[in-house]
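Have a look at the structure below before the remarks.
The values are calculated or read from the model by the stated rules, or taken from the named source; none is laboratory data. If you're wondering where the values come from, they're calculated on a predicted model, not measured in any experiment. FYI the Cβ positions are ideal-geometry reconstructions off the backbone, even for glycines, and counts take in every protein chain you see.
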Amino acid sequence: MRLLVVEDDPDLNRQLVAALNDAGYAVDSALDGEEGHFLGDTEPYDAVILDIGLPTMDGISVLEQWRRDQRIMPVLILTARDRWSDKVAGMDAGADDYVSKPFHMEEILARVRALLRRSAGHATSEIECGPIRLDTKTARVTIDGSAVKLASHEFRLLSYLMHHRDRVVSRTELVEHLYEQDFDRDSNTIEVFIGRLRKKIPADYIKTVRGLGYSLADPQNEA
Ligand code: CA
């Protein structure tokens, strides 16, 4: 899952990026509205954390512009305390949720998890596929109840496939959603990580669909 943080306070921006990285997300960040708008307009993010008070272009305008241009990724806005009117304006501009400053990082993480699973069509924090279970709250994966140890890139990959299970995900989509903007994006590495994952989860759950990509599905459910 790849996220964008748009926040002009450099310390807060850094803290958000660090916490989201630790939680297993690929994160890009911008320090002003114009740069944030550009990134959200040109890169496919799974969710965005957008401050409302921003230099060069305010958060409400950034959001309105994205929505006008059919950019439909979930957006969590950050509002100043006691500015109820910002919350209303933000939600009306197309925000999916808000958090008021100052906030606890845990709240941001919980809201991001909820936005990600909702937008992928999952109502609960645990996503299952046969014996494979992803607890999005703890970022743990179990198979038949036993914990599986995954490296961070393997986890990102499996988490994306689990959120989008039962559909074919192309290699390009995976590259775009698993890595930061300045990461050296070689789609062959995806194949390597798929290979590693297949050794850690029941191998027949990740299917290669020739010429199209991969899909994670329970082979028992296929006719
Ligand atoms: Ca600000």
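Within the range 30-52, which residues are more than 16 Å from the ligand (Cβ to nearest atom) and either in the same structural domain as Leu157 (by TED's automatic domain parsing) or among the charged types (D, E, K, R) (or both)? Those that are more than 16 Å from the ligand (Cβ to nearest atom) and either in the same structural domain as Leu157 (by TED's automatic domain parsing) or among the charged types (D, E, K, R) (or both): Asp41, Glu43, Asp46. Is at least one residue of the range 177-187 within 15 Å of the chain's Cα centre (by Cα) and free of Cβ contacts under 8 Å to residues at least 60 places away in the same chain? No, because not a single residue in the range 177-187 is within 15 Å of the chain's Cα centre (by Cα) and free of Cβ contacts under 8 Å to residues at least 60 places away in the same chain. Taking the criterion of being within 13 Å of Met162 (Cβ to Cβ), among the β-branched types (Val, Ile, Thr) and outside any loop (DSSP other than H, G, I, E, B), the only residue of the range 192-206 that qualifies is Ile206. Out of all the residues in the range 66-81, is one or more in contact with a helix residue (DSSP H, G or I) (Cβ under 6 Å, 6 or more places away or on another chain), part of a loop (DSSP other than H, G, I, E, B), touching a residue at least 40 places away in the same chain (Cβ under 8 Å) and not polar (S, T, N, Q)? Yes, the range 66-81 contains at least one residue that is in contact with a helix residue (DSSP H, G or I) (Cβ under 6 Å, 6 or more places away or on another chain), part of a loop (DSSP other than H, G, I, E, B), touching a residue at least 40 places away in the same chain (Cβ under 8 Å) and not polar (S, T, N, Q). Put simply, of Asp22, Asp28 the only residue that is touching a residue at least 60 places away in the same chain (Cβ under 8 Å), of a type in the set (Asp, Glu) and under 28 Å from Asp135 (Cα atoms) is Asp28. Evaluate the range 85-100: report whether one residue or more is touching a residue at least 40 places away in the same chain (Cβ under 8 Å) and assigned to a helix (DSSP H, G or I). No, the range 85-100 has no match at all.
Quickly run through the range 129-155 and pick out the residues that are buried (at least 19 other Cβ atoms within 10 Å of the Cβ), more than 14 Å from Lys200 (Cα to Cα) and under 15 Å from the mean Cα position of the chain (by Cα). Once the filter is applied, which keeps residues that are buried (at least 19 other Cβ atoms within 10 Å of the Cβ), more than 14 Å from Lys200 (Cα to Cα) and under 15 Å from the mean Cα position of the chain (by Cα), the range 129-155 yields only Thr136. Of the candidates Val27, Val62, Val75, the single residue that is within 16 Å of the ligand (Cβ to nearest atom) and under 27 Å from Met162 (Cβ atoms) is Val75.
Out of all the residues in the range 69-83, is one or more modelled with pLDDT under 95, farther than 22 Å from Leu20 by Cα, more than 21 Å from the chain's Cα centre (by Cα) and buried (at least 18 other Cβ atoms within 10 Å of the Cβ)? No, that holds for no residue. Only residues that are closer than 15 Å to Val5 by Cβ and among the aliphatic types (A, V, I, L, M) were counted in the range 70-94, giving 5.
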